[in-house]
Amino acid sequence: MNQPPHDVSILLRELSSGNESVKEQLFQQLQSELRQMASALMRRERADHTLQATALVNEACMRLLDSDAIGNATDRRYFFASANRAMRQILIDHARKRNAVKRGGDYERGSLDIVLDNFETSNGCAFEDLNASLDALEKESPRQREVVELRFFSGLSIPETAEVLGVSEGTVERDWRLARAKLYQLLKD
């Protein structure tokens with residue numbers, strides 16, 4: 001049985017107050033939450049895809065545990081933002097590496113190639129272009145960027161996004177509409 005979502009905040013507070021014994025429990029909760037996000041994201045993919053998000057989730061967990069992100073996290077919102085950024089950065093690094101190697105060397109496809117190919121095919125844009133657009137959106141409205149990450153990459157519903165961000169559902173709906181319009185324009189340009 002999964003822990004309630006608020007347990008992440010409790011575990012993060014315990015860890016920040018020096019209780020290192022909760023790190024394993026937090027890691028398990030992190031993997032569970034990220035798998036749920038990946039499952040939500042996968043529901044939007046075609047039925048016959050071969051995408052395995054487990055490698056992405058495991059790599060994101062390792063990066064988060066190796067960095068100060070978990071130790072500095074104060075609540076669930078920070079936790080989700082860190083997890084989303086870690087997964088996005090893994091995909092960006094892989095896309096850059098793949099594109100550099102494709103232009104000049106031997107290249108073996110891996111599971112992240114499938115993730116990127118599925119993403120780029122189904123969304124009609126290069127992942128690196130989307131990342132640049134999200135960076136531009138963040139400069140204008142950090143909360144709108146967070147809404148996009150939570151809704152699109154994490155697969156959270158509007159009520160779940162509102163809970164994580166601590167804002168009303170109406171605010172999330174407005175931010176979601178505005179962010180999509182801005183990203184569309186940025187990607188079109």
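Among the candidates VAL57, VAL8, which residue alone is modelled with pLDDT of 75 or more, under 19 Å from ARG85 (Cα atoms) and of a type outside the set (Ser, Thr, Tyr)?
Values: VAL8 fails: modelled with pLDDT of 75 or more.
Sole residue among the options that is modelled with pLDDT of 75 or more, under 19 Å from ARG85 (Cα atoms) and of a type outside the set (Ser, Thr, Tyr): VAL57.
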| request: Please report, ordered by residue number, the helices (runs of 4 or more DSSP H) entirely within the range 90-189 with at least 2 residues that are at pLDDT 90 or above, within 22 Å of MET37 (Cα to Cα) and open to solvent by 20 Å² or more (accessible area, probe 1.4 Å). | output: 127-140, 142-148, 158-165, 169-188
| query | Which of (1) more than 20 Å from SER122 (Cβ to Cβ); (2) at pLDDT below 75; (3) polar (S, T, N, Q) does GLN29 not meet, given it meets every other one? | reply | (2)
| message | Six or more apart or on different chains, Cβ atoms under 7 Å: show the pairs whose first residue is in the range 12-26 and over 17 Å from MET62 (Cβ atoms) and whose second is of a type in the set (Gly, Ala, Ser). | response | LEU12/ALA73; SER16/GLY71
| query | Does any residue of the range 41-54 turn out to be part of a helix (DSSP H, G or I) and modelled with pLDDT of 75 or more? | reply | no
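The values are calculated or read from the model by the stated rules, or taken from the named source; none is laboratory data. Everything quoted here is computed from the prediction, not taken from an experiment. For neighbour counting, all protein chains shown are included, and Cβ atoms are generated from backbone atoms with ideal geometry for every residue, glycine included. SASA here: full protein model, heavy atoms, side chains in, ligands and nucleic acids out. Shrake-Rupley method; radii C 1.70, N 1.55, O 1.52, S 1.80 Å.
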